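Written below as C-alpha cells is the structure these notes are about.
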Amino acid sequence: MKTNSDRRGFLKTTSAGALGVMALGSMGLYSCTSTDRKSFGVGLQLYTIRDAMGADVPGSLKKVSDLGYKYVEMASYSGGKFYGYAPSEFKKMVDDLGMTVLSSHTQVEAAGITLDNAKIMAEAHAELGVKYCVQPWVEEVDRNIESYKKMIGDWNEVGKIMKNAGIQFGYHNHNFEFENIDGIVPYYDIFMPEMDADLITMEIDLFWVSKAGQDPVEMFNRYPGRFQLFHLKDMYTKEAPFFDVTKDDISPVGEGVIDFKRILAAGDVAGMKYHFVEDDNQGNGKPFEALETSISNLTTDILA
C-alpha cells in the first residue's frame with residue numbers, strides 16, 4: 001500500500017524454491033514441475049509488482065501465473081479502467097492465464113465520494129467480475145478521530161452500493177489504526193464498532209498487525225467471522241510495537257518470524273475465504289524471486 005518511507009533492507013536467500021522448480025529466463029522466474037501450485041489457491045496483491053505492471057502488464061501477469069498464483073488482487077483503478085485496460089480486456093488477460101481476478105484495492109478519499117462515482121466504480125468492478133473491492137489506505141493527514149468517523153460513514157454507503165452490484169466492500173489495515181489517540185484505539189474503538197459488518201469485511205494484513213503488537217488469533221476470537229481476506233507477508237524481526245508505516249523488515253512468506261500455521265489454523269474463526277501474498281517493498285527490487293520464495297514456502301510447508 002502507499003507509503004512515504006524509503007525502501008531498505010535485503011531479502012534472505014532460500015533453498016526452498018529449488019525443490020521441484022526450473023529456471024525460466026533472465027528474471028530468475030520459476031515454474032513448478034512437481035505439484036500444481038494453483039490448487040492451493042494462493043493469491044497475489046499486484047501492488048507487489050507495481051513497477052513491473054507499469055512497464056509490461058501482459059508479461060508480468062504471465063510470470064505471476066507461471067509461478068503458480070491462482071488469484072490476483074488489483075491495485076490500479078482509474079476512470080473505469082484497470083491498469084489502463086477496459087474491465088473485459090483485463091479480465092480476459094487474467095482468465096486466459098488460468099488465474100482469476102478476485103479483488104481490487106480502490107481508494108475512497110477522506111473528502112468522500114459522490115454516489116454517482118461510487119456507482120460507476122461498482123459497475124466497472126462488477127463488469128470485471130470481482131468478489132471484493134477494498135479500501136487500502138488512509139492518508140496521514142486524515143488519521144484522526146473526526147476523519148475516521150466521517151470516512152467510515154462514507155465507506156458504509158459505498159458498501160451498500162457495492163453490495164447491490166454483488167461485491168463485498170472491505171478495509172485493509174496497516175499499523176497506524178492501532179495507535180492510541182487520547183485513550184482511543186481507532187481500530188477497536190471506531191473501525192470495528194462503526195463499520196457495518198455486513199457491508200465491510202476486514203482484510204487483515206498480518207505483517208502490519210504484528211508490527212503494531214497485535215495477536216491476529218486474539219483479534220479473530222474477539223471479532224469472529226469479520227476477516228474474509230488475509231494479506232500474507234512476513235517480517236524478519238520481532239520488536240516493540242511501532243506505528244510509523246515503514247517497510248524495512250518485510251520478508252517473503254516463511255522466511256521470517258510470523259507463525260502462519262498458527263494463524264491460518266484459526267481461519268474458520270476469522271471467517272477467512274482467501275489469502276494474498278503481498279510485499280510492499282517489491283522484494284527489494286527482485287519481486288518475482290521473492291514471490292517464488294513465498295509460494296514455495298506456502299505450498300511445500302505452510303499450507304501443505
The farthest towards the positive end of the charge dipole of the chain, of the residues A124, F178, F40, given +1 on Cβ of Lys and Arg and -1 on Cβ of Asp and Glu, is F40
Cross-link reach from K160 to lysines, straight Cα distance under 18 Å and at least 8 residues apart if same chain, gives K119, K131, K149, K150
For the range 120-226, shape from the Cα gyration tensor axes a ≥ b ≥ c, cut at a/c of 1.5 then a/b versus b/c, turns out prolate
Heads up, the chain by the C-alpha gyration tensor (a ≥ b ≥ c square roots of eigenvalues; a/c under 1.5 rounded, else a/b over b/c prolate, else oblate) looks oblate
By the mean-Cβ-within-10 Å protection proxy, highest first, 52-62, 279-289 rank as 279-289, 52-62
Per its Cα gyration tensor (rounded if a/c is under 1.5, else prolate when a/b beats b/c, else oblate), the range 241-304 is best filed as oblate
Among L229, Y187, I302, the residue whose Cα sits farthest towards the positive end of the charge dipole of the range 167-304 (+1 at Cβ of Lys and Arg, -1 at Cβ of Asp and Glu, taken about the Cα centre) is I302
Across D51, D96, D66, the residue with the highest GNM fluctuation in the chain (Cα network, 10 Å cutoff) is D96
For K261, counting only aspartates and glutamates whose alpha-carbon sits under 16 Å away and dropping same-chain residues fewer than eight positions off, the answer is D205, D215, E218, D234, D301
In the chain, taking the dipole from +1 charges on Lys and Arg beta carbons and -1 charges on Asp and Glu beta carbons about the Cα centre, the listed residue (Q214, G283, L61) farthest towards the positive end is L61
If every Lys and Arg gets +1 and every Asp and Glu gets -1 at its Cβ, then about the Cα centre the range 55-162 yields a dipole, in debye to the nearest 20, of 280
The size of the Cβ-based charge dipole (Lys, Arg +1; Asp, Glu -1) of the range 206-304 about the Cα centre, to the nearest 20 debye, is 380
If every Lys and Arg gets +1 and every Asp and Glu gets -1 at its Cβ, then about the Cα centre the chain yields a dipole, in debye to the nearest 20, of 820
Out of M74, M192, M162, a Gaussian network model of the chain with alpha-carbon springs under 10 Å gives the largest mean-square fluctuation to M192
Taking 168-180, 240-252, 134-146 and ranking on average Cβ neighbours within 10 Å, highest first, one gets 168-180, 240-252, 134-146
Note on the chain, DSSP bridge orientation, antiparallel percent to nearest 5 equals 25
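Read the figures in this text as sums done on the coordinates, not as results from a lab. Note that the structure is predicted; figures quoted are calculated from it, not measured. Cβ atoms come from the backbone with ideal geometry, glycine included; neighbour counts cover every protein chain shown.
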